[in-house]
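J.: The structure follows.
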2 protein chains.
Amino acid sequence: MHRFHHVTPAVCCCSKTRSGEKYTDPFNLGWRDLKGLYEDIRKELFISTTELKEMCEYYFDGKGKAFRPIIVVLMARACNIHHNNSRNVQASQRAIALIAEMIHTASLVHDDVIDDASSRRGKHTVNKIWGEKKAVLAGDLILSAASIALARIGNTTVVSILTQVIEDLVRGEFLQLGSKENENERFAHYLEKTFKKTASLIANSCKAVSVLGCPDPVVHEIAYQYGKNVGLAFQLIDDVLDFTSCSDRMGKPTSADLKLGLATGPVLFACQQFPEMNAMIMRRFSSPGDVDRARQYVLQSDGVQQTTYLAQRYCREAVREISKLRPSPERDALIQLSEIVLTRDK
Amino acid sequence: MHRFHHVTPAVCCCSKTRSGEKYTDPFNLGWRDLKGLYEDIRKELFISTTELKEMCEYYFDGKGKAFRPIIVVLMARACNIHHNNSRNVQASQRAIALIAEMIHTASLVHDDVIDDASSRRGKHTVNKIWGEKKAVLAGDLILSAASIALARIGNTTVVSILTQVIEDLVRGEFLQLGSKENENERFAHYLEKTFKKTASLIANSCKAVSVLGCPDPVVHEIAYQYGKNVGLAFQLIDDVLDFTSCSDRMGKPTSADLKLGLATGPVLFACQQFPEMNAMIMRRFSSPGDVDRARQYVLQSDGVQQTTYLAQRYCREAVREISKLRPSPERDALIQLSEIVLTRDK
């Protein structure tokens with residue numbers, strides 16, 4: 001397994017994808033178009049009030065994976081090349097990369113308030129340092145700065161595509177907050193929440209850059225489907241890592257989902273083998289010892305493996321979709337990215 | 001003094017404005033275009049999750065003053081008539097009325113979280129009933145529904161105008177939260193906060209409908225200036241009412257601003273007469289007895305009167321601006337509205 005950010009060259013720079021084509025490291029390829037990403041985001045947030053500025057910049061410290069911006073610029077290039085062999089990323093497409101990262105971050109800030117989370121990415125959360133109230137405002141401000149940047153692009157289709165994401169994020173968080181559904185609905189509910197909270201932003205950002213780069217609706221659908229499937233796989237693996245990774249590596253405590261009362265993929269699969277987990281799920285792991293006991297059940301079951309299989313299926317679907325585009329280094333980097341999503345360990 | 005919602009006919013339906021023209025009640029005139037306003041807003045918020053739906057609809061109960069939607073549709077008609085004598089409000093202009101009310105409400109929901117407020121409009125606040133966390137989400141959801149409705153209008157200038165408002169609201173709330181400025185900056189700071197928290201939404205909504213109704217930038221500026229000045233006057237009177245009205249009538253506790261640590265217009269004017277108030281302002285009325293003592297100082301001073309004078313000046317400026325438009329019942333209703341703002345007692 002290789003780490004997310006530091007891909008070993010032997011595996012990733014000169015080897016071959018399943019389709020047999022050469023590719024280069026997606027992060028290297030993507031970063032060509034993302035120089036100054038965080039400086040630019042901080043400019044969008046230009047604020048005279050020192051404390052607010054400090055809070056809003058706290059997460060845009062350049063230490064994030066920039067997973068979403070990377071996908072966005074690679075998709076932009078892949079679509080541009082597909083359409084007319086253009087080698088440039090348009091300014092409006094690069095703006096989508098910034099906006100996607102800003103929307104993502106704003107939603108993290110509010111989610112951390114709602115979950116009362118105290119650490120993320122190895123740092124204290126905004127709510128932990130500055131308090132809940134200021135964190136609400138900081139999230140609002142990042143979101144409004146993103147909306148202003150979005151409006152500035154001046155394409156109403158793109159505005160519609162990305163405002164839908166903001167709504168999905170909120171509804172996804174609410175679904176997560178209130179889950180009391182019965183056993184049969186649980187898995188569908190989990191996937192819906194996963195789409196809304198994670199995949200919608202990636203799918204719709206991919207679609208937005210495809211709309212800006214190419215007039216063909218078939219290409220927009222390919223971009224959307226790639227983003228959706230990679231986004232679902234990404235979150236499923238995230239849910240697996242909450243059971244298999246140590247907290248030092250993740251930068252946030254593990255079994256964090258159980259502690260929040262959440263039954264993710266590994267738990268839902270484990271529950272099929274160990275129906276006694278049902279009661280714990282229904283009470284959201286709130287009785288003493290529930291979190292540890294549930295964790296043990298999951299690790300004894302094949303919940304981790306089944307969730308990983310499901311993620312693999314989504315990735316295969318993503319690869320199938322993106323392979324419809326004309327070959328390019330960026331297209332192949334997107335193919336490789338779907339494999340990195342599966343094998344990351346943080 | 002007449003009440004805001006029930007204007008006595010003798011004063012408001014058949015009398016004359018300063019400019020000597022007949023006018024009719026702005027609320028009656030405005031409501032012609034606002035039938036079904038709250039039903040339509042609730043449709044925008046269409047949500048399957050019962051609790052979230054209930055929370056989001058809580059404030060759109062049809063009992064609000066609809067002050068912003070009324071101004072917006074009257075301005076739309078006044079601009080349309082000015083431009084080409086058109087007697088219709090466009091669907092996109094009516095949409096701005098909904099969006100303005102939604103943005104306003106979303107900001108109230110988050111402000112109440114931040115201020116830890118427990119009542120508003122004579123009801124418990126969302127945070128009081130459902131808790132802070134769900135209130136954060138409800139506010140986010142109303143705001144994202146507003147953004148989607150805004151994107152649907154499909155005019156990028158209008159999108160830019162109204163996303164600026166969202167940013168102003170957040171920055172205004174932050175200014176209010178952190179005010180520790182020195183005596184000289186205090187008044188300018190108060191007016192800036194008042195513009196951002198109240199006047200920006202009214203000014204920019206007025207501008208947005210003028211952009212949709214008329215291509216002339218001179219008209220856009222008139223609409224903006226009218227909204228800005230009426231908005232400033234509206235908030236100054238609100239700040240006065242916090243000292244002069246009883247809590248039963250306001251639907252929220254009075255001296256509420258002092259209790260939040262806020263020095264509004266009446267306090268700032270009073271402080272010029274009674275410099276001993278300075279220390280209380282600096283400690284945000286946090287010592288025992290500060291709130292009552294400050295209230296007494298204000299009522300002994302001419303702070304209420306001075307603030308009212310200032311509001312009158314803004315209203316005169318609003319009337320001066322709107323009078324540049326071609327005469328119409330709607331234009332005259334806007335003139336009258338500025339007088340109602342000054343004389344309202346709730």
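J.: Please state the charge dipole magnitude for chain A, taken about the Cα centre, from unit charges on C-beta atoms (+1 on K and R, -1 on D and E), reported in debye and rounded to the nearest 20.
T.: Around 780 debye, computed over chain A.
J.: Still on this structure: Can you compute the modelled spin-label distance between B:Arg320 and A:Gln305, with each label point 7 Å from Cα toward Cβ, in nm?
T.: Each label point lies 7 Å from its Cα, and together they span 8.1 nm.
J.: Something else about it: Taking the label point 7 Å from Cα in the Cβ direction, how far apart in nm is B:Phe187 from each other copy of itself, listed shortest first?
T.: Nearest first, the other copies' label points are 7.0 nm away.
J.: Given +1 on the Cβ of Lys and Arg, -1 on the Cβ of Asp and Glu, and no further charges, what dipole in debye does the protein assembly as shown carry about its Cα centre, rounded to the nearest 20?
T.: Magnitude of the dipole: close to 960 debye.
J.: Run through the stretch A:117-207 and list the chymotrypsin sites (Phe, Trp or Tyr not before Pro) located in a DSSP loop whose Cβ has at most 16 other Cβ atoms within 10 Å.
T.: Passing both the DSSP loop test and the Cβ count: no residue.
J.: Can you give the accessible area buried between chains A and B, summed over both chains, with a 1.4 Å probe, in Å² to the nearest 100?
T.: It comes to approximately 3300 Å² buried between A and B.
J.: Show that you can apply the helix-only estimate: for chain B, add -39,500 (n - 2.57) for every DSSP H stretch of four or more residues, divide by all residues, and state [θ] at 222 nm to the nearest 500.
T.: -22000 deg cm²/dmol
J.: Next up: In nm, what does the list of distances from A:Lys63 to its counterparts in the other copies look like, shortest first, when each label sits 7 Å along Cα to Cβ?
T.: When each copy's label point is compared with this one, the spacings are 4.9 nm.
J.: Past 32 Å, Cα to Cα, is the threshold; run A:Lys207/B:Lys193; A:Lys346/B:Lys196; B:Lys196/B:Lys346 against it and keep the listed order.
T.: Distance filter (> 32 Å) returns A:Lys207/B:Lys193; A:Lys346/B:Lys196.
J.: Can you tell which of A:Ser210, A:His82, A:Ser338 lies farthest toward the positive end of the dipole of the stretch A:34-343, using +1 and -1 charges on the Cβ of basic and acidic side chains (Lys, Arg; Asp, Glu)?
T.: Comparing the listed Cα positions along the dipole, A:His82 ranks first.
J.: Mean separation of Cα pairs under 8 Å and 6+ residues apart, divided by the residue count of chain A: what relative contact order is that in percent?
T.: After rounding, I find 22 percent.
J.: Which loop GluC sites (Glu not before Pro) in the stretch B:161-220, with loop taken from DSSP, have no more than 15 other Cβ atoms within 10 angstrom of their Cβ?
T.: Sites meeting the loop and neighbour criteria: B:Glu181.
J.: Treat each spin label as a single point 7 Å out from the Cα along the C-beta direction, and report the A:Arg32 to B:Lys123 distance in nm.
T.: Those two pseudo-labels are separated by 5.6 nm.
J.: Let me ask something additional. Could you give the length gained by full extension between A:Ser255 and A:His83, i.e. 0.36 nm per residue of separation minus their alpha carbon distance, to one decimal place?
T.: Residue separation times 0.36 nm, minus the Cα-Cα distance, leaves 57.4 nm.
J.: Heavy-atom accessible area per residue, the stretch A:107-150, 1.4 Å probe: how many Å²?
T.: 29 Å²
J.: Sticking with this one: Cα convex hull of the stretch A:298-346: mean projected area in nm², to one decimal?
T.: 3.7 nm²
J.: From other protein chains only, count the Cβ atoms within 10 Å of every residue's Cβ in B:142-152, then give the mean.
T.: If you average over the peptide's residues, the count of other-chain Cβ atoms is 6.
J.: Note the full-extension length gain between B:Asp61 and B:Glu185 as 0.36 nm times their separation in residues minus their Cα-Cα distance, in nm to one decimal.
T.: Gain on extension, B:Asp61 to B:Glu185, equals 40.7 nm.
J.: How high is the FRET efficiency between B:Thr157 and B:Glu39 when r is their beta carbon distance and R₀ equals 45 Å, given to the nearest 0.05?
T.: Working from the Cβ atoms, E equals 0.95.
J.: A follow-up question, please. Give a quick list of trypsin sites (Lys or Arg not before Pro) in the stretch B:148-243 that DSSP marks as loop, anything other than H, G, I, E or B, with at most 14 other Cβ atoms within 10 Å.
T.: Counting only loop positions with at most 14 other Cβ atoms within 10 Å, the trypsin sites (Lys or Arg not before Pro) in the stretch B:148-243 are B:Lys180.
J.: Explain nothing, just compute: Karplus ³J(HN,Hα) = 6.51 cos²θ - 1.76 cosθ + 1.60, θ = phi - 60°, for every residue of the stretch A:276-287 in order, whole Hz, x for Gly and Pro.
T.: Running phi through 6.51 cos²θ - 1.76 cosθ + 1.60 with θ = phi - 60° gives 5, 6, 3, 4, 5, 4, 4, 8, 6, 6, 8, 7 Hz.
J.: Give the calculated FRET efficiency between B:Met282 and B:Cys246 to the nearest 0.05, with a Förster radius of 35 Å applied to their Cβ-Cβ distance.
T.: 0.75
J.: Another question about this same structure. Against the 2.2 N^0.38 Å scaling, with N counting residues, where does chain B land? I'd like the Cα-based Rg ratio to two decimal places.
T.: Taking the Cα Rg and dividing by 2.2 N^0.38 Å, one obtains 0.98.
J.: Same structure, new question: Sorted from shortest, what are the nm distances separating the label point of A:Arg284 from equivalent points in the other copies, each placed 7 Å from Cα along Cα to C-beta?
T.: The answer, with the shortest distance listed first, is 3.0 nm.
J.: Once the protein assembly as shown is represented by equal point scatterers at the alpha-carbon sites, with solvent omitted, what log10 I(q)/I(0) does the Debye formula produce at q = 0.05, 0.07, 0.09 Å⁻¹?
T.: Results for the protein assembly as shown at q = 0.05, 0.07, 0.09 Å⁻¹ read -0.27, -0.52, -0.83.
J.: Separate question: Relative to a virtual label point 7 Å from the Cα of B:Glu51 in the Cα→beta-carbon direction, which members of the stretch B:112-129 show backbone nitrogen distances below 15 Å?
T.: Zone members listed by number: B:126-129.
The values are calculated or read from the model by the stated rules, or taken from the named source; none is laboratory data. Remember, predicted model here, so these are calculated numbers, not experimental data. Ideal geometry is used to build each Cβ from the backbone, glycine not excepted, and the neighbour counts take in all protein chains shown. Areas reflect the complete protein model, heavy atoms only, side chains present, ligands, DNA and RNA absent. Shrake-Rupley method; radii C 1.70, N 1.55, O 1.52, S 1.80 Å.
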